[in-house]
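To keep things clear, I will list the structure first and then write my remarks on it.
The values are calculated or read from the model by the stated rules, or taken from the named source; none is laboratory data. Predicted, not measured: the structure shown is a model, and the values here were computed from it. So basically every Cβ, Gly included, is an ideal-geometry build from the backbone, and we count neighbours across all protein chains shown. When the accessible area is computed, the model is the full protein with side chains, heavy atoms only, and any ligands, DNA or RNA have been set aside. Shrake-Rupley method; radii C 1.70, N 1.55, O 1.52, S 1.80 Å.
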Amino acid sequence: MGKFSGRNREDRHRTGWQCYGSTVLTLCVGIGLSIGAALWVGRWEQVSRQQQFQQQISNLNTALQRSLNRYAELLLSLGDLYRMANNEVSQDEFSRFVQRAVVSYPGIQALEWAPRIPAAERSPYEANPSFGSLNITERNPLGAMVVAAGDRPEYVPVTYIEPLRGNEVALGYDLASDPTRRIALERARDTGKLAATARIRLVQEVAEAQYSFLAFLPIYDAASDQSAMPLAERRQLLDGYVLGVFRVADVVEEALQDLNYDIDFFITDRTAIPQEQFLGAYESESQQVISIENNDWQERLGQGALCPTRADCTLAVNFGQREWAILFLPAPNYVADWQPWGAIATLCIGFLLTVGVTGFVWRSQTTLDRTRELSDLKIRFFSMASHELRTPLSTILLTAQSLDTNQAVLSSAQKQNAIERIHSSAHRMTQLLNDILTLTRAEAERLEFSPEIVDVAAFCNGIMDDIRLQAKIGQTLTTEIAVTDPKAYLDKKLGRSLLHNLLTNALKYSPPPSTIHLQVWNDPKTLYFQIKDSGIGIPAHSQPYIFEAFYRGSNVGDIPGTGLGLAVVKTCVDRHQGSITLRSAPGQGTTITIGLPHAE
């Protein structure tokens, strides 16, 4: 058996690769763009996250700077009070003036007045009943408070203090007795500006793990213009200091009471000596400042993209001629709470769009290829039809003309041969048109399927009788019917087309002498038809395509044919939801087995 095709297989493979190529290209481009967009969005999210982090640390830094500025303004206003009163401010006046500020600002431990007392005036000062007979005190080298301060040229004892409760031990304490405090006192005295100390331990401090600082504002003799005087003379005009007492923890916690970010930070005093620069570390989880110094920030620095280097996350605040550096670091919760949802969503949406566009391209390319194939099929069909129909039509026309012209001289046998040629040509045309109609209806999904009860033996014998009329001399057709049920339920029209095409092909491609054998049998679920011939066979490379329309085996030579027969067979089998198997080799014949399930 064999078939032919008017379509080049290489063209079909090339078209298939073009379809796959455009689809794969679309898929690769879509995936690439999706990944690129996701990376861009991820980078944008990271930059936004960094900007958010920078904005938040700026907010924290600004809040702390504003609190320190408020403290500075408060001390300056207290200095104005002394100037307006010619430095004559009583303890009651001092308390009334600062009492509200102390209550309003929890970051203030105390506000104080400390006059400058020369050594010659120490005794009258300590005996002054208006001060409550204060004794000027100091700490010994072990840190314990000593009732009587040692001899020195001058003293700066704490005289007024608000609030007094909790700060009683600081009354009379000579601020100049401590080197750290004395440095700030001298800087304030010499510059005439507010000056803060480095970190200290307050004399009234109970907890040892608390760092504090003082801020001094010098008060000069109100009757003199000290700004134009030499430094030595201006020092002699100093009356004393108004000062604020602050704990680092209280200052920070007050400044950040309205801000709640998952950001930790470390405060250092750049103005201090290296071993005394650490002021405290703020933990966002507990919202508290601890004064235990460790190197935890060094381990956390650079672990995330938010704070790759120390300079990226360090801001400064200024207070009392000192500069504090604040190193901000994202807390563990800050990093853990962030997920690149935008990048993930972009990637998912990109993949979905890619799948959608790829599917659209695939369908469009498939439709386009199908349209091209149908166009090619139409061209081949018209070419084939014009060729295949022309031959029988010419035979019919010439034979009819011969009968008409030579009717008187032709013998009865010659006339009968002419009529048989006309019948044969007409039958050939009918078969061709039926095959075309079957394929066309199947393509349009309009091929009818009307099963009925059929006598298997009578059905097969009838078809074999018709086929025997087409057999050549030396061709033998045999039948073997071994069915347990003589009746079958199938579409009689499709079944006839199926067997007729198989047997016709067997005759066409089996040169005499040869035998074509039809065997029919069944099992409980399936009716089988097997057609076996001893013809030219089908090459192995042609067998995968042999059931496609217009395809013929490469070994058919000049044997005429349309390439539709086995396509019609396959269509009829598919309409029955059956199966078809092929076993063939060149020069060894072909065996085709059809299995049709029993229709319900």
Could you check, for segment 199-206, whether at least one of its residues is at pLDDT below 90 and not in a loop (DSSP other than H, G, I, E, B)? no
How many residues of segment 551-574 are in contact with a strand residue (DSSP E or B) (Cβ under 7 Å, 6 or more places away or on another chain) and over 27 Å from Thr479 (Cβ atoms)? The answer is 3
Among the residues of segment 133-161, the number that are open to solvent by 30 Å² or more (accessible area, probe 1.4 Å) and in contact with a Phe, Trp or Tyr (Cβ under 9 Å, 6 or more places away or on another chain) is 3
Examine segment 69-83 for a residue that is farther than 27 Å from Glu253 by Cβ, of a type in the set (D, E, K, R), part of a helix (DSSP H, G or I) and open to solvent by less than 80 Å² (accessible area, probe 1.4 Å), and state whether such a residue exists. yes
For residues in segment 41-67 being in contact with a helix residue (DSSP H, G or I) (Cβ under 8 Å, 6 or more places away or on another chain) and open to solvent by 40 Å² or more (accessible area, probe 1.4 Å), which is modelled with the highest pLDDT? Arg66
Within segment 431-450, tally of residues that are open to solvent by less than 70 Å² (accessible area, probe 1.4 Å) and assigned to a helix (DSSP H, G or I): 7
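With Ala72, Ala63, Ala110 as the choices, which residue is within 21 Å of Ala170 (Cα to Cα) and of a type in the set (A, V, I, L, M, F, W, C)?
Selected residue: Ala110, the only one of Ala72, Ala63, Ala110 that is within 21 Å of Ala170 (Cα to Cα) and of a type in the set (A, V, I, L, M, F, W, C).
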Determine, yes or no, whether Leu518 is touching a residue at least 40 places away in the same chain (Cβ under 8 Å), under 13 Å from Ile594 (Cα atoms), part of a helix (DSSP H, G or I) and touching a helix residue (DSSP H, G or I) at 6+ places or on another chain (Cβ under 7 Å). no
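Restricting attention to segment 521-572, which residues are among the acidic types (Asp, Glu) and either out of contact with any helix residue (DSSP H, G or I) (no Cβ under 9 Å at 6 or more places or on another chain) or free of Cβ contacts under 8 Å to residues at least 60 places away in the same chain (or both)?
Matches in segment 521-572: Asp523, Asp558.
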Check whether at least one residue in segment 517-527 is buried (at least 19 other Cβ atoms within 10 Å of the Cβ) and closer than 16 Å to Glu452 by Cβ, and report yes or no. yes
Is at least one residue of segment 108-120 open to solvent by 70 Å² or more (accessible area, probe 1.4 Å) and under 17 Å from Ser177 (Cβ atoms)? no
Let me spell it out: the conditions are (1) modelled with pLDDT under 85; (2) more than 30 Å from Thr62 (Cβ to Cβ), and Ala305 meets all of them except one. Which number is the exception? (2)
Ile453 fails exactly one of the following numbered conditions: (1) open to solvent by 70 Å² or more (accessible area, probe 1.4 Å); (2) more than 60 Å from the chain's Cα centre (by Cα); (3) at pLDDT 85 or above; (4) within 23 Å of Val568 (Cβ to Cβ). What is the number of that condition? (4)
Restricting attention to segment 581-600, which residues are touching a helix residue (DSSP H, G or I) at 6+ places or on another chain (Cβ under 9 Å) and hydroxyl-bearing (Ser, Thr, Tyr)? Ser584, Thr590
Could you say which residue among Glu293, Glu323 is modelled with pLDDT of 75 or more, charged (D, E, K, R), part of a strand (DSSP E or B) and open to solvent by 30 Å² or more (accessible area, probe 1.4 Å)? Glu323
Counted residues in segment 188-209 being under 60 Å from the mean Cα position of the chain (by Cα), over 27 Å from Val289 (Cα atoms) and open to solvent by 20 Å² or more (accessible area, probe 1.4 Å) come to 1
Against the condition assigned to a loop (DSSP other than H, G, I, E, B) and modelled with pLDDT of 90 or more, how does Ala272 come out, does it pass? yes
For segment 40-63, pairs from a residue that is among the aromatic types (Phe, Trp, Tyr) to a residue that is surrounded by 14 or more Cβ atoms within 10 Å (Cβ to Cβ), with Cβ under 7 Å and 6 or more apart or across chains, are Phe53/Leu306; Phe53/Pro330
From (1) assigned to a helix (DSSP H, G or I); (2) of a type in the set (D, E, K, R); (3) open to solvent by 80 Å² or more (accessible area, probe 1.4 Å), pick out the condition that doesn't hold for Glu88. (1)
Pairs needed: first member in segment 230-248, open to solvent by 10 Å² or more (accessible area, probe 1.4 Å); second member anywhere, of a type in the set (S, T, N, Q) and modelled with pLDDT of 90 or more; C-beta distance under 7 Å; at least 6 residues apart or different chains. Arg247/Gln109; Arg247/Ser212
Hey, Arg100 hits all of (1) within 60 Å of the chain's Cα centre (by Cα); (2) more than 22 Å from Val169 (Cβ to Cβ); (3) surrounded by 13 or more Cβ atoms within 10 Å (Cβ to Cβ) but one; which does it fall short on? (3)
Go through segment 465-477 and give me each residue that's open to solvent by less than 60 Å² (accessible area, probe 1.4 Å) and out of contact with any helix residue (DSSP H, G or I) (no Cβ under 9 Å at 6 or more places or on another chain). Gly474
Of the residues in segment 162-187 that are assigned to a loop (DSSP other than H, G, I, E, B) and open to solvent by 10 Å² or more (accessible area, probe 1.4 Å), the one that is nearest to Glu126 (Cα to Cα) is Leu171
